[in-house]
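The structure under discussion appears below in the form of structure tokens.
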Amino acid sequence: MNNNAYLLINPLKESSLDLANKIKELTSGKVVMAPNIAVAQLYLQQELYNAIFLTLQPDQDIQSLIYQLPSSIPIVVVSPIKELASIAYEYENIVDFMLYPSSEARVWRALNRAQYTPILSNTRIEDSYAFMRAEAQMLKFNFNEIEYFSAFGSYSKIHTKDSVLVINEPLDVLMNILPSGVFRRVHDAYLINIYKITAVDSKSFFVHDRDIPIGKSYQKSINFLFNVKAQFV
């Protein structure tokens, strides 16, 4: 689990350092603590996390919290109140409920569940459109309206002619579920609609006035796009 990153949200003051230290010792990974959901979103916009440990209290609206988090990152709910377990498991990306304080062995089990439990994407793909979650809303996007996607930490941004919206899926997930005949990864930070390419040079595709760089590691896998590019040369 080296080089992994874990985000602790709403950690209890009396247990936050203990939990963070256990995760560090067990994974040698990076642990970031966010005192609330607003700060957590800022961290999530900057980096891709392997798991989220979300501390839950009885007076918190779990649905509101979950909908503000990326839908494909596994969540371990942490709470000193065992009655919250039945509520937590109603959500697909919650992979474990952990009473706290917990032993090192119990934290290790939660980490393994986060690593190995498959998370189903909330995005619904049809022949010519997709429904994608933007916080609490499922929004419909026609493929012919989408120009490209850009990486935004653990989220992504969807770019159309008239708008830019943040959606609750990272670029890695979108690359695997969107039709490859329409959308192609051309850079670590970009997934482009090949039918929206309007110009090209030796290093970039262009969508109108937007420069989309071509990553070196993607050159071979997108050779077929140079047939598309040729019409602009």
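Anything in the stretch 61-115 that is of a type in the set (S, T, N, Q), over 21 Å from the mean Cα position of the chain (by Cα) and at pLDDT below 90? List them, or say none.
SER79, SER86, SER102
Are any residues in the stretch 130-182 within 14 Å of LEU69 (Cα to Cα) and small (Gly, Ala, Ser), and if so, which ones?
ALA134, ALA136, GLY153, SER154, SER156 - these are the residues of the stretch 130-182 that are within 14 Å of LEU69 (Cα to Cα) and small (Gly, Ala, Ser).
Quick test for you: out of LEU44, LEU56, LEU120, LEU48, pick the one residue that is within 25 Å of LEU171 (Cβ to Cβ) and buried (at least 20 other Cβ atoms within 10 Å of the Cβ). Steps first, please.
On the way: LEU56 fails: within 25 Å of LEU171 (Cβ to Cβ); LEU120 fails: buried (at least 20 other Cβ atoms within 10 Å of the Cβ); LEU48 fails: buried (at least 20 other Cβ atoms within 10 Å of the Cβ).
Answer to the selection: LEU44.
Those residues that are in a loop (DSSP other than H, G, I, E, B) and touching a residue at least 60 places away in the same chain (Cβ under 8 Å), I need them from the stretch 76-133; list them, please. Let's see the steps before the verdict.
First pass over the stretch 76-133, keeping only residues in a loop (DSSP other than H, G, I, E, B): 80-81, 89-93, 100-103, 117-123, 126-128.
Hits for the stretch 76-133 are PRO80, TYR100, PRO101, SER102.
Cβ-Cβ under 6 Å, sequence separation 6+ or interchain: first residue in the stretch 204-222 and at pLDDT below 90, partner assigned to a loop (DSSP other than H, G, I, E, B) and of a type in the set (Ser, Thr, Tyr). Which pairs?
Close Cβ pairs satisfying both conditions: HIS208/THR198.
Yes or no: the stretch 151-163 includes at least one residue that is aromatic (Phe, Trp, Tyr), farther than 21 Å from THR198 by Cβ and modelled with pLDDT of 90 or more. Before you say what the answer is, go through the steps one by one.
First pass over the stretch 151-163, keeping only residues aromatic (Phe, Trp, Tyr): 152, 155.
Okay, now just the ones that are also farther than 21 Å from THR198 by Cβ, so 152, 155.
Retained after the next criterion (residues that are modelled with pLDDT of 90 or more): 152, 155.
Checking the stretch 151-163: at least one residue is aromatic (Phe, Trp, Tyr), farther than 21 Å from THR198 by Cβ and modelled with pLDDT of 90 or more.
Out of SER71, SER79, I need the residue that is buried (at least 19 other Cβ atoms within 10 Å of the Cβ) and in contact with a Leu (Cβ under 7 Å, 6 or more places away or on another chain). Which one? Reasoning before the result, please.
On the way: SER71 fails: in contact with a Leu (Cβ under 7 Å, 6 or more places away or on another chain).
Of SER71, SER79, the one residue that is buried (at least 19 other Cβ atoms within 10 Å of the Cβ) and in contact with a Leu (Cβ under 7 Å, 6 or more places away or on another chain) is SER79.
Only residues that are among the aromatic types (Phe, Trp, Tyr) and on the phi > 0 side of the Ramachandran plot: list them for the stretch 149-167, please. Quick ask: steps written out before the conclusion?
Residues of the stretch 149-167 among the aromatic types (Phe, Trp, Tyr): 149, 152, 155.
Within the stretch 149-167, none qualify.
Kindly list the number of the only condition in (1) surrounded by fewer than 20 Cβ atoms within 10 Å (Cβ to Cβ); (2) within 29 Å of ALA189 (Cβ to Cβ); (3) within 21 Å of the chain's Cα centre (by Cα) that fails for LYS24.
Only one criterion is unmet by LYS24, namely (3).
Look at TYR6 and say whether it is touching a strand residue (DSSP E or B) at 6+ places or on another chain (Cβ under 6 Å), closer than 20 Å to ASN168 by Cβ and touching a residue at least 40 places away in the same chain (Cβ under 8 Å).
Working: touching a strand residue (DSSP E or B) at 6+ places or on another chain (Cβ under 6 Å): yes; closer than 20 Å to ASN168 by Cβ: yes; touching a residue at least 40 places away in the same chain (Cβ under 8 Å): yes.
It is true that TYR6 is touching a strand residue (DSSP E or B) at 6+ places or on another chain (Cβ under 6 Å), closer than 20 Å to ASN168 by Cβ and touching a residue at least 40 places away in the same chain (Cβ under 8 Å).
Would you pick out the residues in the stretch 9-51 that are more than 16 Å from PRO74 (Cβ to Cβ) and polar (S, T, N, Q)?
ASN10, SER15, SER16, ASN21, SER28, ASN36, GLN41, GLN45, GLN46
In this structure, does ALA5 turn out to be modelled with pLDDT under 90 and either hydrophobic (A, V, I, L, M, F, W, C) or touching a Ser or Thr at 6+ places or on another chain (Cβ under 8 Å) (or both)?
Values: modelled with pLDDT under 90: no; either hydrophobic (A, V, I, L, M, F, W, C) or touching a Ser or Thr at 6+ places or on another chain (Cβ under 8 Å) (or both): yes.
Taking the combined requirement at face value, the residue does not satisfy it.
Report, ordered by the first and then the second residue, all pairs with beta carbons closer than 6 Å, sequence separation of six or more or different chains, a first member in the stretch 148-165 that is over 25 Å from VAL32 (Cβ atoms), and a second member that is among the acidic types (Asp, Glu) and not in a strand (DSSP E or B).
Correct list of pairs: THR160/GLU145.
The values are calculated or read from the model by the stated rules, or taken from the named source; none is laboratory data. Values in this document were obtained by computation on a predicted structure and should not be read as measured data. So basically every Cβ, Gly included, is an ideal-geometry build from the backbone, and we count neighbours across all protein chains shown.
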